[in-house]
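Shown next, in C-alpha cells, is the structure this report addresses.
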Amino acid sequence: MNTIFRKSMLSVAGLAFAGGVFAGPIAAHAATPAVDAKPVAVAVPSAAPKPQGEQSHISLNDEQSANVKAIIAATKKAGLPERAAVISIATSLQESKLENLGHLGDKNDHDSLGLFQQRPSSGWGTPEQITDPAYSTTAFLKGLKQVDGWQDMPLTDAAQTVQVSAYPDAYAQWEQQATDLVGQYWNS
C-alpha cells in the first residue's frame, strides 16, 4: 500500500510539474505584456538569538567607541565570529560601561580592573595586562572558548560562565546594543 500511495503521489506531482512547464510559460507570454523585471532583495533572518528581557542603552563617548573597536579587533584576531564580539561587548557594557577602569578605591569590587572587571588575584593577569583592552578581551575570549556550546546559549549564560558574577542575569540587558555595535563596526 505504501508503494502504491508513493507512486500515485509521484504521478500527481509529475503531472503538476509538466502542466506548469508547458502551460505556465505559454500562458504567461500570451496573457501579459513584457515587463522589465529587476531582482528583488530578500531579507534572511539572522541566526543570532533574540535578546532576553528589557534592554538598556547608553550613549558612547570616543573612549568607549575605541574600546568597542579594540574588542572587535581582538575577536577577529582570535578567529572568532561576530557572536563572540557581541558577548564580549555586552559583558564589558555590564562590567564597566566600556570604560577601561583602574582601581576605584572603596568603590572597587575587590581588585577588579579594566573593561571586563577582571581580577589579578583570580589569575586574569597583571594590573597592566588587565587594563590593556586587547589583552583583557583576549583573556575573556579564552575563557569563552572553554564554555561548551557558548555559540548557541543565551548571551547572559555564556558571559556568566566566564565572569562568575554576583549578578548573573545582568548581561542580557546589553545584548541589543552590543549586537548593534558589532553590526556597525565589524566591517569597518
Assuming a viscosity of 1.567 mPa s and a temperature of 4 °C, what translational diffusion coefficient in µm² per second does Stokes-Einstein assign to segment 84-188, Rh being the Kirkwood radius over Cα pairs? 94 µm²/s
So how much slack lies between S121 and M153, counting 0.36 nm per residue of separation and subtracting their Cα-Cα distance, in nm? 8.7 nm
Roughly speaking, to the nearest percent, how much of segment 70-173's 1.4 Å accessible area is carbon and sulfur? 50 percent
Can you pull a Stokes-Einstein diffusion coefficient for segment 133-174 at 10 °C (1.306 mPa s), Rh from Kirkwood over Cα pairs, as a whole number of µm²/s? 150 µm²/s
Scan around Q118 for amide H atoms under 5 Å from its own, H built in the peptide plane at 1.01 Å from N, and keep only partners 5 or more places away or cross-chain. L113
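The values are calculated or read from the model by the stated rules, or taken from the named source; none is laboratory data. Keep in mind that this is a model prediction, so the values were computed, not measured. Surface areas here come from the heavy atoms of the whole protein model, side chains and all, with no ligands, DNA or RNA. Shrake-Rupley method; radii C 1.70, N 1.55, O 1.52, S 1.80 Å.
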